[in-house]
Amino acid sequence: MPAAPERVGVGFEGYSAGEGPLSWGQLENWSAIVKQGTWLPLGGLKPLAPGTTVDDVAGELRYLMSRYEPMRTLLRFAPDGTPTQVVYRSGEIDLEIVDAGEADAQRVAEELCDAWRGKQLDFATE
């Protein structure tokens, strides 16, 4: 059993920010998420090259958060449940580091990925 994850804060800064309604495509995706009670498939596994450091992974995460607005977007909800998107220009996200120890690293990664996909998410804070 791997140890509890270590969390490293990764700051990011993008080029734009704002708040507004969801596009029709975003509303379709949101409706599917609500109806199905699950995320649409997100993410996956990426093998790391030998010698990859935490700083390397943090740098990639920082780049992705800075470059892609959907990764720094949260939702706000009106009393009737209507979502509004808020794109943040900057912030910090936790990078979770899990040491597989003596366990099979691929299997540990797959179990973590499955756990994240099965987790109830809070789109207003995560």
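The values are calculated or read from the model by the stated rules, or taken from the named source; none is laboratory data. Small disclaimer: the values here were computed from a predicted structure and weren't measured. Quick reminder, even Gly has a Cβ in these numbers, built from the backbone with ideal geometry, and neighbours come from all protein chains shown.
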Cβ pairs under 6 Å, 6+ apart, first in the range 41-70 and over 13 Å from Val8 (Cα atoms), second of a type outside the set (Val, Ile, Thr) and at pLDDT 95 or above: Met65/Phe12; Ser66/Phe12; Ser66/Glu13; Ser66/Gly14
Residues located in the range 73-82, provided they are out of contact with any Ser or Thr (no Cβ under 8 Å at 6 or more places or on another chain) and closer than 14 Å to Gly18 by Cα: Thr73
Residue list for the range 29-60, restricted to those being of a type outside the set (A, V, I, L, M) and in contact with a Leu (Cβ under 9 Å, 6 or more places away or on another chain): Asn29, Trp30, Trp39, Asp56
Within the range 5-24, considering residues that are over 30 Å from Ala109 (Cβ atoms) and of a type outside the set (Ser, Thr, Tyr), the one surrounded by the most Cβ atoms within 10 Å (Cβ to Cβ): Leu22
Unmet requirement for Thr53, which otherwise passes all of (1) farther than 20 Å from Ala4 by Cα; (2) of a type in the set (Ser, Thr, Tyr); (3) over 14 Å from the mean Cα position of the chain (by Cα); (4) loosely packed, with under 11 Cβ neighbours inside 10 Å: (1)
Those strands (runs of 3 or more DSSP E) lying entirely in the range 57-124 with at least 1 residues aromatic (Phe, Trp, Tyr), surrounded by fewer than 12 Cβ atoms within 10 Å (Cβ to Cβ) and at pLDDT 90 or above: 73-77
Leu75 vs. criteria without any contact (Cβ under 8 Å) to a residue 12 or more places away in the chain, within 30 Å of Val34 (Cβ to Cβ) and not hydroxyl-bearing (Ser, Thr, Tyr): no
Neighbours by Cβ (under 7 Å, 6+ apart or cross-chain): first from the range 88-105, closer than 20 Å to Met65 by Cβ; second of a type in the set (Ser, Thr, Tyr) and in a loop (DSSP other than H, G, I, E, B): Arg89/Ser16
Checking Lys35 against (1) under 19 Å from the mean Cα position of the chain (by Cα); (2) farther than 30 Å from Glu102 by Cα; (3) at pLDDT below 95, the condition it does not meet: (1)
